[in-house]
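These notes concern the structure reproduced below.
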Amino acid sequence: MQINSTPFEKRIRARALFGYAILAIIATIFCVGILKNILPGLKESSALKDALRSLLLYLFFSLFTLIMLSRAGLSYNRLFGTFPPWRTLGRYTFWAIPVAILSVSSILLLQFPLSTVMPEPIKEHLTDGPTIILHGVGDKYAFANLLNFLTVVLVAPIVEEFFFRGILLTRWSIKWGVVRAVIVSSGIFALLHNNIIGMFCFACVLAIFYIRTKSLFVPMSIHIANNSIAWALDWLSTEFSESTSQTTGVEILELWQIGLIGVVITIPCWIYFWRRYILKTAWQMPYFAESTNSEGNLSG
């Protein structure tokens, strides 16, 4: 099928998604403002209000853009591809572990040099982990944590994979080619998250797996597993942290060494990834590929 016969050629534009993101922010602010007047408990609990705001933002953005994409004639079956066998999906999901190690290690490695040359706000944006909110005090914090868990572990991975890997990557592959589209879409994904280097690598891995397997369910499952690991680590650090004081220089140096070890132990994984998935991948976007091609790619 020719690319110009698809809605990605003329009817789907990346800039429209950014416009809908602004509308989603406005709708979220408006909705939370109304709910504060209706539900007294929401007004009193900042934790619950923040959790609801995050969830509504994803939901409104999805609603607005799905209406546009449906009108454009997008084929969701072609975009999502084939749902792989559970065993195959589990094998791909295992990649969340080395990706998570690399992501955390990149944070630790950046702490040391940036602690001396970067202003604090910039350093925090480059080195902080995923923005996961765990409240331990305050009114209705347990319900707020539940909403945050659903948003971070389930809603965010599904929505982000659909739009970053499914829509933006496919659209920009027409304009700039697949490789450049992977780089640009991954870069924007990283800029919208903390830990820019780790998230850029993470997004590139997900994009390559999507192209390789022709199934959007694969990066979604890896993303869900990665966020689950991040949530668990955040919970452990909150639960067992003995001090909230700033990290000392000696501690930063020790963490840098741990980060270096983390990178080293994942090197065999990335060598295998390069040989197995990059060198042997046909660089054709799933939406434009023949449906029969996905079956063989899902085998490994």
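The values are calculated or read from the model by the stated rules, or taken from the named source; none is laboratory data. All of these numbers come straight from a predicted model, not from anything done at the bench. FYI the Cβ positions are ideal-geometry reconstructions off the backbone, even for glycines, and counts take in every protein chain you see. The area values use the complete protein model at the heavy-atom level, side chains included, leaving out ligands, DNA and RNA. Shrake-Rupley method; radii C 1.70, N 1.55, O 1.52, S 1.80 Å.
Odds and ends about this structure:
- Whether a residue is surrounded by 15 or more Cβ atoms within 10 Å (Cβ to Cβ) and at pLDDT 90 or above was assessed, and Tyr272 does not pass this test.
- Residues of segment 25-48 satisfying the condition of being out of contact with any Leu (no Cβ under 9 Å at 6 or more places or on another chain), assigned to a helix (DSSP H, G or I), open to solvent by less than 50 Å² (accessible area, probe 1.4 Å) and more than 21 Å from Ala156 (Cα to Cα): Gly33
- Within segment 72-107, being closer than 30 Å to Val264 by Cα, in contact with a Gly (Cβ under 7 Å, 6 or more places away or on another chain) and open to solvent by less than 30 Å² (accessible area, probe 1.4 Å) holds for Ser103, Ser105, Ser106, Ile107.
- Residue within segment 49-60 that is open to solvent by less than 30 Å² (accessible area, probe 1.4 Å) and at pLDDT below 90 present: yes
- Every residue from segment 199-225 that is in contact (Cβ under 8 Å) with a residue 24 or more places away in the chain and within 23 Å of Ala21 (Cβ to Cβ): Met199, Phe202, Ala203, Leu206, Ala207, Tyr210, Leu216, Pro219, Met220, His223, Ile224
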